[in-house]
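Trainee: Before we start, here is the structure in question, set down as structure tokens.
Quick note: the coordinates plus some simple rules give every number you see, no bench work behind them. Everything quoted here is computed from the prediction, not taken from an experiment. Cβ placement follows ideal geometry from the backbone for every residue including glycine, while neighbour counts extend to all protein chains displayed.
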Amino acid sequence: MSDLHTELKKSIIEQLNLEDMEVSDIENDEHLFGDGLGLDSIDALELIVLLEKDYGIKLTDPNQGKEIFNSVNTIADFIEKNRAK
Amino acid sequence: MKGVAVTGMGIISAIGRNLNENHLSLKNAKNGITNPEILSTQHSHLPVGEIKLSNAELATILNLPENHSYTRSALLAVHSVKELLENSGYDQFPEGTGFISGTSIGGIDKTEQHFYDYSENPEYRKYIQAQHPGFTTEKIAEYFGLNGFVTTISTACSSSANAIMMGAQMIQSGKLKRVIVGGSDCLTKFTLNGFNSLKILSEEKSLPFDDDRAGLNLGEAAGYLLLEAEEYTSGRSVLGRVSGYGNANDAFHQTASSENGEGAFKAISKALNKAGLSGSDINFINAHGTGTRNNDLSESVALQRIFGKNIPAFSSTKGFTGHTLGAAGAVEAIFSLLSIQYGEIYPNLNFKTSMKETGLDPVTSIQNKEINTILSNSFGFGGNCTSLIFKKDE
Amino acid sequence: MSRVYINGISSISPQPERVFEGLEPHVSKENILHAVDLNYKSVIKPIMLRRMSKAVKMSLYCSKMALKDANVQIPDAILVGTGQGCMQDTEKFMGNMLDSEEGLLSPTSFIQSTHNTVGGQIALDLNCTGHNLTFTQNSVSFESALIDTQLQFEDPDVENILVGGVDETSEKFTGFQTLDGQIKKEKIRNINLYNSNTPGTIISESAAFFTLGSEKKSTSYAEFIDVGIFNSIDVSDISSKIQKFLKRNGVSFEDIDVVILGRNGDHRFDKYYDEIQNGIFSGKSQLGFKHMVGENNAVSSYAFWMGAKILKEKKIPENFKLNTLNCDVPQKILIYNQYLGRNHGFILLQSL
């Protein structure tokens, strides 16, 4: 697992108040929304803030988030391609 | 049902400082959306419906002493209740007049201005309690000497619609003979940044019910109605009647409306039922229509579920005033009563393209026709949905 | 209107519930009292719980308990009184916004800052689409919700209403209440509150929710008779206002067995209570509760909880007594509360 994946999991747990979870509880390809981790649309907005704050990536269309936030893998891929910091 | 008599009203909004100015702007399709000039914010590019009077100017108009502790919402409210009092025919509100005010954020403008001042500067501490909506309501009550039943409803964007509903019920149940109902909300950094963080503010003028709509514009306003029991209305002018009302909860999401508009559907159904009317009796709908992707679609679906293929003429007036949050229900109640009074339907500004999903077109230019019955919708965070029905006095 | 019965009750306060049964009360050395923490996880899913502030947690917990107590699944309406609303989230969003000078902000705390977050979250959890209002008028927030309860029960189809009061504390905002004199400057133990002769009081967080029903059950606690609200009253008029309120219910002040009073140790405003304690109710059993659970804008809901228990259990709780008078079979209770001399609320309860 890359450092980015671990870093992302840590930030997700912290930013989304997933109090009882640890990095090892989230699989890289696990669905973050719906049946997987059970995140919702408010979390999606929090993840948009996280991308901008930590990686300098600004999502203009919230609908873009649906694919990007599928799993930790998809977020990491997106960050690798687009990061500004 | 005859409905509860409205015997006075008053308003201040971005399109006018009184009923007459608001009426003229509505009639001439003149919107009040500009960049913020009075509200000091980093987001000066976001259009808002701002009342171009500073707090100091408002305080002067209202003759308040220099050391007053009125919040901006209280100043706006007192301004509009003064107009209400003038056209109600009373010199002062009779003993026992109740007061129900709706607001989403009350006096939080003072909290954001003085958050860092309180510990060092005792002169600002008079605003510490202003954060809580009841404080603003009490200031208004104090100004007019209202010392009996005084309360505040805070259900986000349906607050003042709920105040009108509760007032009507208080009159019908005989608990009150006379009650001032409505609401007030001012522009604040708190709400502007909050709605911005939800990514539902439009960087252009809002386009309610348009396929290309990209969010709402915030606004500020105060609007109040005087409701009176039947025995006090003889020989006085009755401006219209509150004949139906209903509140329901969408129970779907903290901020978003459900796809099938369940809460809205239930609220409208309850209001029709209360008024003893069917959908075909409604001449016009003043829609909530904020201009967000989510609300306008959900509301349209609810309208289709209620009215089927025969949806009455409808428009959202948020293109004129911006979304005035807790005050919106009262502002639109007053616009509805103006429609009834003057036989006019006010247009839904900025509309060009129908939504793909529904194909519904709102009214886009002023229409003159007799209006007897209007449905007015107000929906808020927390799934809070309220519908009111106003009727012409017969 | 049908008659209204209290069919389910639940409360959370800085005191354990059994303080009512005579358990030694918790003594706080601070002037800001926190509610006892309960096992919220036992009734609220972790994925929901993770974002909830204290007010939402306490309210949802009490709501579920009060409904269960009355054996009601989904009420016909949800009514909440909260004077200060979701202060913790308001403070969080406000702080972030000001510190970042309106920079990039996360939306969750804004969403949860609205006053009707509590009512909305209860509706969401219960999937309850009924009438849902939130009242926020200082110390008559809960009383306002009770008035709406009466209005909703005028509809014959309405059988059960969930109604409650809640207020939470937050670090900075509650701290401000010391600066403007709402909280006592000197530290005081809660149990010594009534010996105090200084301005201010002790502030707390609490929640109490009730299932009110149009049908009397064998398990009902009491009957809720009436509620009244007055924004301002002169001290000299308080007795006559109370008598007028009682009279409209066909009750004389002499018929009242127990008065539950909102005394809070603020020497500037306790004179309202002095007036009736030494006057019309001098011969009656007098109870206080703020020396136990502190002051907040919704704490009269705790008095309502006490009243319901007293009438069901026919027992005057020792820990709450302000005088030595007793009453063997309490039948009528008057609750009177105000804050800073304004927002006066009267509630009348009756035994079954």
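Trainee: Grab the Cα-Cα distance for B:Ser354 and B:Arg305, subtract it from 0.36 nm times how many residues apart they are, and report the gain in nm with one decimal.
Mentor: Working it through step by step, the gained length comes to 15.8 nm.
Trainee: Let me know the mean shielding of B:124-132 by other chains, meaning the per-residue number of their Cβ atoms within 10 Å of its Cβ. List each step's numbers first, then the result.
Mentor: Working: counts 2, 4, 1, 2, 9, 8, 0, 8, 13.
Taking all residues of B:124-132 together, the mean is 5.
Trainee: Now for a separate question. So what's the gap between the Cα centers of the range B:121-190 and the range B:347-394, to the nearest angstrom?
Mentor: One Cα centre to the other: 26 Å.
Trainee: Using the Karplus curve 6.51 cos²θ - 1.76 cosθ + 1.60 with θ = phi - 60°, what ³J(HN,Hα) values do you get for each residue of the range C:183-196, in whole Hz, with x for Gly and Pro?
Mentor: Coupling constants for the range C:183-196: 9, 4, 5, 8, 5, 9, 7, 3, 5, 9, 3, 7, 8, 7 Hz.
Trainee: Taking the Cα centre of chain A as origin, work out the dipole magnitude from +1 charges on Lys and Arg Cβ and -1 charges on Asp and Glu Cβ, in debye rounded to 20.
Mentor: With Lys and Arg at +1 and Asp and Glu at -1, about 540 debye.
Trainee: Another question about this same structure. For chain C, modelled as a Gaussian network with Cα springs under 10 Å, which listed residue fluctuates most, C:Ile47, C:Ile310, C:Ile333?
Mentor: Greatest mean-square fluctuation among the candidates belongs to C:Ile47.
Trainee: By its C-alpha gyration tensor, with a ≥ b ≥ c as the square roots of the eigenvalues, how is the range A:3-82 shaped: rounded for a/c under 1.5, else prolate for a/b larger than b/c, else oblate?
Mentor: It is rounded, given that a/c, with a ≥ b ≥ c, falls under 1.5.
Trainee: Then there's this: Work the Kirkwood hydrodynamic radius out for the range B:223-306: mean of 1/r over every pair of different alpha-carbon atoms, inverted, in Å. Could you put the intermediate results ahead of the total?
Mentor: Values: mean 1/r = 0.0678 Å⁻¹.
Taking the inverse mean of 1/r over all distinct Cα pairs, the range B:223-306 comes out at 14.7 Å.
Trainee: Something else about it: Which helices, counted as full DSSP H runs in chain C, have an axial Cα extent of no less than 15 Å and a Kyte-Doolittle average of -1.0 or above?
Mentor: Membrane-span-like by this criterion, though nothing is claimed about a membrane: C:54-69, C:87-99, C:141-152, C:300-313.
Trainee: Please report the antiparallel percentage of DSSP beta bridges with both residues in the range B:4-391, rounded to the nearest 5.
Mentor: The answer is about 70 percent antiparallel.
Trainee: Percentage of Cα-Cα pair distances in the range C:4-213 greater than 29 Å, rounded to whole percent?
Mentor: The answer is 29 percent, as a whole percent.
Trainee: Give me the lysines in straight-line cross-link reach of C:Lys41: C-alpha distance below 16 Å, same-chain residues under 8 apart excluded.
Mentor: By straight Cα distance, C:Lys41 reaches C:Lys54, C:Lys57, C:Lys64.
Trainee: Given axes a ≥ b ≥ c from the Cα gyration tensor, I'd like to know whether chain C is rounded (a/c under 1.5), prolate (a/b larger than b/c) or oblate.
Mentor: Note, shape of chain C comes out oblate.
Trainee: Averaged over its residues, how many other protein chain Cβ atoms are within 10 Å of peptide B:376-385's Cβ atoms?
Mentor: If you average over the peptide's residues, the count of other-chain Cβ atoms is 5.
Trainee: Just for the range C:4-213, what percent of DSSP beta bridges are antiparallel, to the closest 5?
Mentor: For the range C:4-213, the DSSP antiparallel bridge percentage is about 55.
Trainee: Arranged by the count of other C-beta atoms within 10 angstrom, fewest first, what order do C:Ser144, B:Ser88 take?
Mentor: Starting with the residue having the fewest Cβ neighbours, the order is B:Ser88, C:Ser144.
Trainee: So, one more: Counting only DSSP beta bridges with both residues in the protein assembly as shown, tell me the antiparallel percent, nearest 5.
Mentor: Expressed as a percentage, antiparallel bridges in the protein assembly as shown total about 65.
Trainee: Now, a different point. Specify the residue with the greatest mean-square fluctuation among B:Leu84, B:Leu19, B:Leu64, computed from a Gaussian network of chain B linking alpha-carbon atoms under 10 Å apart.
Mentor: In this elastic network of chain B, the residue with the biggest mean-square fluctuation among B:Leu84, B:Leu19, B:Leu64 is B:Leu64.
Trainee: Once you've got the Cα coordinates, tell me which of C:Lys216/C:Lys315; C:Lys29/C:Lys241; B:Lys205/B:Lys391 are over 25 Å apart.
Mentor: The pairs that break the limit, which is 25 Å between Cα atoms, are C:Lys29/C:Lys241; B:Lys205/B:Lys391.
Trainee: For chain C, what is the mean residue ellipticity at 222 nm derived from helices alone (per DSSP H run of n ≥ 4: -39500 (n - 2.57); sum divided by total residues; nearest 500 deg cm²/dmol)?
Mentor: Numbers: 11 runs with 103 residues, N = 352.
Calculated mean residue ellipticity at 222 nm is -8500 deg cm²/dmol.
Trainee: Now for a different question. In Å and on Cα atoms, what radius of gyration and Dmax does the range B:139-272 show?
Mentor: That works out to 17.9, 52 Å for Rg and Dmax.
Trainee: Just tell me which lysines come within less than 16 Å, Cα to Cα, of B:Lys189; anything on the same chain fewer than 8 places away is out.
Mentor: The reachable lysines, counting only those whose Cα sits under 16 Å from B:Lys189, are B:Lys110, B:Lys199, C:Lys92.
Trainee: Something else: Once a ≥ b ≥ c are taken as the square roots of the eigenvalues of the Cα gyration tensor of the range C:222-350, is the result rounded (a/c under 1.5), prolate (a/b larger than b/c) or oblate (a/b not larger than b/c)?
Mentor: Note, shape of the range C:222-350 comes out rounded.
Trainee: Sorted by average packing, counted as other Cβ atoms within 10 angstrom per residue and highest first, what order do C:131-140, B:6-15, A:38-47 take?
Mentor: Put in order of decreasing packing, that is C:131-140, B:6-15, A:38-47.
Trainee: Just the Kirkwood number for the protein assembly as shown, please: inverse of mean 1/r across all distinct Cα pairs, in Å, one decimal. Provide the component values of the computation, followed by the final result.
Mentor: Numbers: mean 1/r = 0.0370 Å⁻¹.
Evaluated on the protein assembly as shown, it is 27.0 Å.
Trainee: On to the next question. Rounded to whole Å, give me the distance from the Cα center of the range B:59-87 to that of the range C:13-54.
Mentor: Measuring centre to centre over Cα atoms gives 42 Å.
Trainee: Tell me which of A:Gly36, A:Ile26, A:Leu16 sits at the most positive position along the dipole axis of the range A:1-44, charges placed on C-beta atoms (Lys, Arg +1; Asp, Glu -1).
Mentor: Final value for the positive-end residue is A:Leu16.
Trainee: Please work out the Cα center distance from the range A:16-85 to the range B:238-317, rounded to the nearest Å.
Mentor: Each part's Cα centre sits 36 Å from the other's.
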